[in-house]
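The values are calculated or read from the model by the stated rules, or taken from the named source; none is laboratory data. Computed from a predicted model, the values in this text were never measured in an experiment. Cβ atoms come from the backbone with ideal geometry, glycine included; neighbour counts cover every protein chain shown.
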Amino acid sequence: MPRHPRLVAVATATAALTLIAAGPAAGGDPTVSDPRVVAHFDFAAGQNAENIALEPDGSADITFAFAHQVARVTTKGDTTILATLPEVPGAQTPVGGAVALGIARAHDGTLYVTYVTGKEETGVWRIAPGGGEPEQIGFFPADAFPNGLALDEKCGTLYTADTQLGTVWSLPVTGGTPTAWATGAALEPTEQIPFGANGLKIHDGAVWVSNTAHATLLRIPIGPGPDHAAGPIETRATGLTSIDDFTFTGHGDTVLAALNQVDKLELVRPDGTHKTVLTHADGLDNPTSAAVRAKTVYVNSAAFFNTLDPDPNLLLARISKNKN
């Protein structure tokens, strides 16, 4: 019997989506090469590698979804548990039990993590530099599903994508109750696929969000003034089947997106066309998120839907200088 029956049901529904053909190759595309898995994690222990934030030395801080832990993984694969979020008796979420999802890092090393429990512990938790006891700072509705997370340090604001309620929440870095910063049909799940807004990044004056149900990549401008209101939601790419989280390759709008259930890392160009750059054959097993530092791309795999030989892992590859 599959370990996560609800996720398997979602996978079946998502498989029905049609992936549009990738656009023609562009001369300015960065190239991804030399993929290698540097760390394998324990699926049975709930170490499904979900989200990622990078340290200055190149180590990766990774959330383990069902173990509700944060681990630091070096580029050589050495793994240390930094923190464990508290057990929540009777936790019930759309994917089963409690799950640790998004992660963001401040310049001083403070980590912020989204935790979904179906109870009052749902929200954003803070972990001091170097690890230790997590502290809840953001108190979300019990039925919220805060997923991808990003920190705008200039404005002292955290943004998170709510996969279940189809909302982008904003939260002061000091904590408290979140504000529904952006809503709308483009962020919502569908009846067939109950996973809407998922990954989230802040880039070039906007909040970018992926929507798993709609297979889209969205851009929401951050307005001027003290309230930084959300602008109109723009669709920047479509046909990204089972898109999870994503990252930018550089200062431009070229994106690397983790396509979870189809085991692909997809390069998405600024014009919305896209092509596959890594697959299951390279070591991907339900990839969930990606990050880029200099000439290295990091990809997490959670193995959520692999019922035969699950291999949650961290993969590194080389990425050429981005020209877009």
Among (1) at negative phi; (2) modelled with pLDDT under 95, Asp57 falls short only on (2)
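What number of residues in the stretch 67-84 are more than 21 Å from Val297 (Cα to Cα) and either buried (at least 23 other Cβ atoms within 10 Å of the Cβ) or of a type in the set (Gly, Ala, Ser) (or both)? Even if it seems obvious, please write down each step before you answer.
Step one: of the stretch 67-84, the residues more than 21 Å from Val297 (Cα to Cα) are 67-69, 81-84.
Still in the list and also either buried (at least 23 other Cβ atoms within 10 Å of the Cβ) or of a type in the set (Gly, Ala, Ser) (or both): 67-68, 83.
Qualifying residue count, the stretch 67-84: 3.
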Gly225 at pLDDT 95 or above and either at negative phi or not aliphatic (A, V, I, L, M) (or both): no
Only one of Ala161, Ala180 is out of contact with any helix residue (DSSP H, G or I) (no Cβ under 6 Å at 6 or more places or on another chain), small (Gly, Ala, Ser), within 21 Å of Gly118 (Cβ to Cβ) and surrounded by fewer than 14 Cβ atoms within 10 Å (Cβ to Cβ), namely Ala180
Any idea which of (1) without any contact (Cβ under 8 Å) to a residue 60 or more places away in the chain; (2) within 18 Å of Thr163 (Cα to Cα) is the one Pro226 doesn't satisfy? (2)
Tell me, please, whether a residue that is within 18 Å of Asn147 (Cβ to Cβ), assigned to a loop (DSSP other than H, G, I, E, B) and more than 14 Å from the chain's Cα centre (by Cα) can be found in the stretch 305-324. yes
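Suppose we filter Gly130, Gly97, Gly156, Gly138 for residues that are free of Cβ contacts under 8 Å to residues at least 60 places away in the same chain and crowded, with 19+ Cβ neighbours inside 10 Å; which single one remains?
Matching residue, one of Gly130, Gly97, Gly156, Gly138: Gly138.
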Hey, Thr276 hits all of (1) out of contact with any strand residue (DSSP E or B) (no Cβ under 8 Å at 6 or more places or on another chain); (2) at pLDDT 95 or above but one; which does it fall short on? (1)
Which residue pairs have Cβ atoms closer than 8 Å, lie 6 or more positions apart in sequence or on different chains, and pair a first residue in the stretch 74-91 that is over 24 Å from Leu54 (Cα atoms) with a second residue that is among the acidic types (Asp, Glu) and at pLDDT 95 or above? Val88/Glu121; Ala91/Glu121
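What strands (runs of 3 or more DSSP E), lying completely within the stretch 192-293, carry at least 3 residues that are of a type in the set (A, V, I, L, M, F, W, C) and farther than 29 Å from Asp57 by Cβ? Working first, answer last.
Working: elements: 197-203, 206-211, 216-221, 234-237, 243-248, 255-259, 264-268, 274-279, 287-293.
Here the list reads 216-221.
So, in the stretch 115-140, how many residues would count as being over 14 Å from Leu171 (Cα atoms) and in a loop (DSSP other than H, G, I, E, B)? So that I can check it myself, show each step before the final result.
So the first thing to find is which residues in the stretch 115-140 are over 14 Å from Leu171 (Cα atoms), and the list is 115-121, 127-135.
After this cut, where a residue has to be in a loop (DSSP other than H, G, I, E, B) as well, the list is 117-121, 128-134.
Selection size over the stretch 115-140: 12.
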For residues that are farther than 24 Å from Arg105 by Cα and aliphatic (A, V, I, L, M), scanning just the stretch 173-206, find the one that is nearest to the chain's Cα centre (by Cα). Leu187
Of the residues in the stretch 28-62, how many are in contact (Cβ under 8 Å) with a residue 60 or more places away in the chain and of a type in the set (Gly, Ala, Ser)? 7
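Return the residue satisfying two criteria in turn: it lies in the stretch 251-305 and is among the charged types (D, E, K, R) and touching a Ser or Thr at 6+ places or on another chain (Cβ under 7 Å), and of such residues it is nearest to Lys76 (Cα to Cα). Steps first, please.
Step one: list which residues in the stretch 251-305 are among the charged types (D, E, K, R), which gives 253, 263-264, 266, 269, 271, 275, 282, 285, 293, 295.
Of the ones still in play, those that are also touching a Ser or Thr at 6+ places or on another chain (Cβ under 7 Å) are 263-264, 266, 269, 285.
Numbers: Asp263: 23, Lys264: 23, Glu266: 25, Arg269: 31, Asp285: 20 Å.
The qualifying residue nearest to Lys76 (Cα to Cα) is Asp285.
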Does at least one position in the stretch 141-150 carry a residue that is buried (at least 17 other Cβ atoms within 10 Å of the Cβ), outside any loop (DSSP other than H, G, I, E, B) and aliphatic (A, V, I, L, M)? yes
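If you check Val262, Val209, which single one turns out to be over 14 Å from the mean Cα position of the chain (by Cα) and of a type in the set (Val, Ile, Thr)? Outline the logic, then answer.
Values: Val209 fails: over 14 Å from the mean Cα position of the chain (by Cα).
After applying the criteria, what remains is Val262.
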Hey, can you tell me all the residues within the stretch 85-125 that are touching a strand residue (DSSP E or B) at 6+ places or on another chain (Cβ under 6 Å) and β-branched (Val, Ile, Thr)? Thr93, Val99, Ile103, Val113, Thr114, Val116, Thr122, Val124
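Could you pull out the residue among Thr117, Thr190 that is surrounded by fewer than 18 Cβ atoms within 10 Å (Cβ to Cβ) and among the hydroxyl-bearing types (Ser, Thr, Tyr)? Steps first, answer last, please.
Values: Thr117 fails: surrounded by fewer than 18 Cβ atoms within 10 Å (Cβ to Cβ).
Only one candidate passes the filter, namely Thr190.
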